[in-house]
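Take a look at the structure set out below.
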Amino acid sequence: MTKTIALLGSTGSIGRQTLQVARELGLRVAALTANTQIDLMEQQAREFCPELVVMMDGGAAKELRGRLSDLPIRVMAGAEGLMEAAQLPQADTVVTAVVGSVGLRPTLAAIEKKKRIALANKETLVCAGELVMAAAERCGAEIVPVDSEHSAIFQSLQGCRDRGEVHRLILTCSGGPFFGMSYEELEHMKPENALKHPNWSMGAKITIDSATLMNKGLEIIEAMRLYHLPVSKVDAVIHRQSIVHSLVEYRDGAMIAQLGTPDMKLPIRYAFTWPYRAETPDRRLNLLTCGDLTFHAPDMEAFRCLKIARECAEVGGTSCAIMNAANEEAVLAFLRREIGFNDIHRRVEDALSAVEVKYQPCLEDILEADSLARMAVLNR
Ligand code: MG
């Protein structure tokens, strides 16, 4: 059970919900990190009195240091601060709720310190899943997923004594705001159309990833790495209601699923209390009023990102890191209105043909693939 957390990414959607759970469970907070949101960070720091606060932005760190000068809180800036937060001896659990591949190094550092990793940063496993899982095994660090689908699978695997009994994993997918649209219709979609997600409230990057279905592609790779399965054993189905959070199908045909309201606080809470469960103060799922549960096959011709992700999963090596970094940059360009919706997958495909894939990569190969892919998108 978790007692003290270091929370990387405390002002984002997962970060704020993590602090709600921390309040509810009475957890101590040793470190908080954020990019630029200084007002919210000041408020969080005053409430939780961590020993360390990190702002990725140097100017924001300087200003916050002044504002918090009445408290015994260290304020650090940038990547160095993030690494320090990930390794603080006071914390037994590190919550990685930062967005993007910037989460990779601090996650590895926390693993080396044998922390429990409450993993909410899927890009880390997509880029460097094999390295991260091998490090966790070597160091004896527990990785408990916070992503709702992977938490559902993790919960459905409790009691499974032999991974060989797993026939396949089935990730559910809300389908996003553009479910049912053709490729041609998608061409005209703008950021404001994509930012209206039907079921979950999330940050901008993941909301766009949900609209392109790249989010599900990233999650398929995340699931492969977490559970050591080939892509052929990981499927995705569209489930518009977001009630069934994912399933494990066993070799005897049994399907074990986790159901619940679409609320990230359940997987966050479970990451802290596992292998136990705590009482929820939140609304419970009512089967009598939740309506029909429906399932559809995803349209991989319209939503090309999902197809690309499956192909990269098959290829392996640095291809997933290239895809992920190119997607991060393409999503930012879409949010800045520089490119259209379908250009996101085109930019990712361009990067995949521009950057050479390396097999059995080390950390440096992965970081290099990441930066080459970003350059391929930006210098186009
Ligand atoms: Mg998810």
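The values are calculated or read from the model by the stated rules, or taken from the named source; none is laboratory data. Quick caveat: nothing in here was measured; it's all calculated off a predicted structure. A quick note on method: Cβ atoms are made from the backbone with ideal geometry, for glycine too, and the neighbour counts reach across all protein chains shown. These area figures cover heavy atoms from the full protein model, side chains too; ligands, DNA and RNA do not enter into them. Shrake-Rupley method; radii C 1.70, N 1.55, O 1.52, S 1.80 Å.
For the reader, a short list of remarks on this structure follows.
- In the set GLU301, GLU314, GLU328, only one residue is in contact (Cβ under 8 Å) with a residue 60 or more places away in the chain, open to solvent by 50 Å² or more (accessible area, probe 1.4 Å) and in a helix (DSSP H, G or I); that residue is GLU314.
- Contact map, the stretch 219-236: residues that are outside the structural domain of GLY129 (by TED's automatic domain parsing) and in contact (Cβ under 8 Å) with a residue 40 or more places away in the chain paired with residues that are of a type in the set (D, E, K, R) and crowded, with 23+ Cβ neighbours inside 10 Å, Cβ distance under 6 Å, separation 6+ or inter-chain. Pairs shown: GLU219/GLU149; GLU222/LYS122; ALA236/LYS216.
- When ILE308, ILE339, ILE344 are screened for being assigned to a helix (DSSP H, G or I) and outside the structural domain of HIS188 (by TED's automatic domain parsing), only ILE344 passes.
- Scanning the stretch 178-201 turns up one or more residues that are within 16 Å of the ligand (Cβ to nearest atom), more than 26 Å from GLU301 (Cα to Cα), open to solvent by 70 Å² or more (accessible area, probe 1.4 Å) and not in a helix (DSSP H, G or I).
- Residue tally, condition in contact with a strand residue (DSSP E or B) (Cβ under 9 Å, 6 or more places away or on another chain) and either closer than 14 Å to LEU108 by Cα or open to solvent by 10 Å² or more (accessible area, probe 1.4 Å) (or both), over the stretch 130-147: 7
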